[in-house]
Amino acid sequence: MTVSPHLQRIILLLLPHKGRLTLAFLGMMLTAATEPTLAAMMKSLLDNGFSGKPAFQLWMVPAAIIGIFVLRGISTFTTSYMMTWISTRLLNNLRQQMFNRILDVPLGFYADNSVGRVINAMMFEVQQIIDMIRNVLTSLIRDTLTVFGLLGYLLFINWRLTLIALVLLPLIALVVRLTGKRLRKLTQEYLEINAELTQVIEETTRAQQVIKIFGGHQYEGDRFEARATKLRRYSMRMASTFAATVPITQIMASCALAIVIVIAVIQSGQGQTTVGDFVSFVTAMLMLLTPLKHLAEVNGPLQRGLSAAESVFELIDAPSERSTGKILQARAEGRLDFVDVGFSYPDQNRAALSHIDLRVMPGETIAFVGMSGGGKSTLVNLVPGFYSASSGEIRLDDVPIEQIALTSLRAQIAMVSQHVVLFDDSVAANIAYGDAAPDRSRIETAAKAAYLDDVIASLPQGLETHIGDNGSRLSGGQRQRLAIARAIYKDAPILILDEATSALDSESERAVQAALDQLMQGRTTLVIAHRLSTIERASRIAVLADGHIVEVGSHHDLLARNGVYANLYHLQFAKEPAE
């Protein structure tokens, strides 16, 4: 019988705790040893205690019984405490490994793995592994030892009757094997549906405004009910498969017990066994049913744990971003060269970018414009290494970015996106995010430069005010300005602005644009924008269409060419007031 590679890996994770495992194992051995001791006491009591004057003093009976159960209590407590200590430590370690890995996976990871699936693996599936370790391992060791202890005692009392009892073991093994395969398949499907349900819950809590404004209550309710009902059906199928194992096992045991009683009565008539032997044997055999029942029940949580381990280890083993490359010792000048750059998303036939050639000088501002789907966001996402170019290369100060360590490369870049991401922390913590030793004066300067003074003054605790989930206590414009303050605080030589003023009203845009103008001075800036006021400030404009740069030049030069940009201008910008 081959051991599952996932189970082998779990065993390896337990090895660092072998000291506490040994204590738990000793506790299990002691608990198992008390089982045949009780049966042996029954034999002694019946053969020697009820035939005239007992061969022992009466106080020894309660002392022995109480002593056995005190010993059993100590051993049980030791086992439970040690296994809980080991399993909770392992739970933390696995979750930490999973969390560290999701920090390191490339952005493309989430194209194949939903957020709900990741959360489900970290919170639910890893718990299945821990339950398997704590319950299954304890039951396997303790109950197996108990079974062998009781069988040894049964062989000692009456080996002929014991041979009948031994017929149980291969029959139980057959039942467990047959139900195990079905349980494993059902468990895997159950975990998949549970991940889908988690995803529905995550999407519903995140999209409350959309659900309410578009009347999606019934649709979301139906989505939840469909998956919850499907999950319930799988739960019932698993429960019925699992529950059938125990009564089948007990019926087998009852048949063996009935045969044993008949044969024992015949042996007693022939003087081959005493009353004490018979009662002690039946007691031990009845005591054998409980650990056998536990061993039969092990299969359910074992299969759930192994199925969960597959998802957990798949996440832990997910490919991470590259960790190689040189560390930049000084602040970059900020020159960027795109040399015949091409890029294709996985499973996409059409290239997102093709033959991109562009040089951006230090301190220059380049605006990327074009129709949606032209490749603007894809191009700027290649610069911080969120994706790697499929062909060609991007160079920072004449060094290919693939040769620069990602942490070092990204230290040279600040980014403000139209999709603002903030954390449920204080205003100050969000501004200085990523800085292990925040500078209070720099935080205040960045906030002032982003025109957040009035906002901070109106907050209850000022800079220390917590802003809620993704800045829910702030308006859209305030959230955007806070993201800009974060970029100002970082003070990086390269700045990426992806629709940085899209969420601002006209008054806020003018205020923030002034801060951005100051921020962009002396920095290489890549701007994706659809507003004429932003584009006109750029040193040059690069027009993208179908993944190609079709025009490059200033606003007035491109208008004079009367090409793609001119058409785009007349369609999109002509009605906007020029500044």
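The values are calculated or read from the model by the stated rules, or taken from the named source; none is laboratory data. Every value quoted in this text rests on a predicted model; they were computed, and no experiment measured them. Virtual Cβ from ideal backbone geometry, glycine too; neighbours counted across all protein chains shown.
Of the residues examined, residue 149 is one that is at pLDDT 80 or above and surrounded by 15 or more Cβ atoms within 10 Å (Cβ to Cβ). Residue 355 meets the conditions (1) modelled with pLDDT of 90 or more; (2) farther than 29 Å from residue 550 by Cα in every case but one. The failed one is (2). I'd like to know if the range 322-344 contains one or more residues that are free of Cβ contacts under 8 Å to residues at least 60 places away in the same chain, hydroxyl-bearing (Ser, Thr, Tyr) and surrounded by 14 or more Cβ atoms within 10 Å (Cβ to Cβ). Yes; the residues of the range 322-344 include at least one that is free of Cβ contacts under 8 Å to residues at least 60 places away in the same chain, hydroxyl-bearing (Ser, Thr, Tyr) and surrounded by 14 or more Cβ atoms within 10 Å (Cβ to Cβ).
Pairs are defined by a Cβ separation below 8 Å, a sequence spacing of at least 6 or placement on different chains, a first member in the range 239-265 that is within 15 Å of residue 284 (Cα to Cα), and a second member that is not aliphatic (A, V, I, L, M); the pairs so defined are 260/281; 264/158; 264/273; 264/278; 264/281. Screening residue 450 with (1) buried (at least 20 other Cβ atoms within 10 Å of the Cβ); (2) at pLDDT below 85; (3) farther than 30 Å from residue 397 by Cα gives one miss only, at (3).
Between 311, 280, 307, 254, the distinction of being of a type in the set (Ser, Thr, Tyr), part of a helix (DSSP H, G or I) and surrounded by fewer than 20 Cβ atoms within 10 Å (Cβ to Cβ) belongs to 254 only. Remark: residue 69 falls outside the filter, which requires a residue to be at pLDDT 85 or above, among the aromatic types (Phe, Trp, Tyr) and part of a helix (DSSP H, G or I). Candidates are the residues of the range 502-529 that are assigned to a loop (DSSP other than H, G, I, E, B) and modelled with pLDDT of 70 or more; the one that is farthest from residue 474 (Cα to Cα) is 522.
Residue count for the range 308-367 under the criterion of being closer than 17 Å to residue 105 by Cα and of a type in the set (Ser, Thr, Tyr): the result is 5. For the condition among the acidic types (Asp, Glu) and either under 30 Å from residue 186 (Cα atoms) or touching a strand residue (DSSP E or B) at 6+ places or on another chain (Cβ under 7 Å) (or both), residue 317 qualifies.
Looking only at residues in the range 288-304 that are under 18 Å from residue 162 (Cβ atoms) and surrounded by fewer than 20 Cβ atoms within 10 Å (Cβ to Cβ), the one that is modelled with the highest pLDDT is 290. Going by the structure shown, is residue 481 out of contact with any strand residue (DSSP E or B) (no Cβ under 7 Å at 6 or more places or on another chain), part of a helix (DSSP H, G or I), under 29 Å from residue 364 (Cα atoms) and modelled with pLDDT of 90 or more? In short, no. The conditions of being farther than 17 Å from residue 360 by Cα, free of Cβ contacts under 8 Å to residues at least 60 places away in the same chain, among the aliphatic types (A, V, I, L, M) and assigned to a loop (DSSP other than H, G, I, E, B) are not met by residue 447.
Of the listed requirements (1) assigned to a helix (DSSP H, G or I); (2) modelled with pLDDT of 70 or more; (3) over 30 Å from residue 258 (Cα atoms), residue 209 misses just one: (2).
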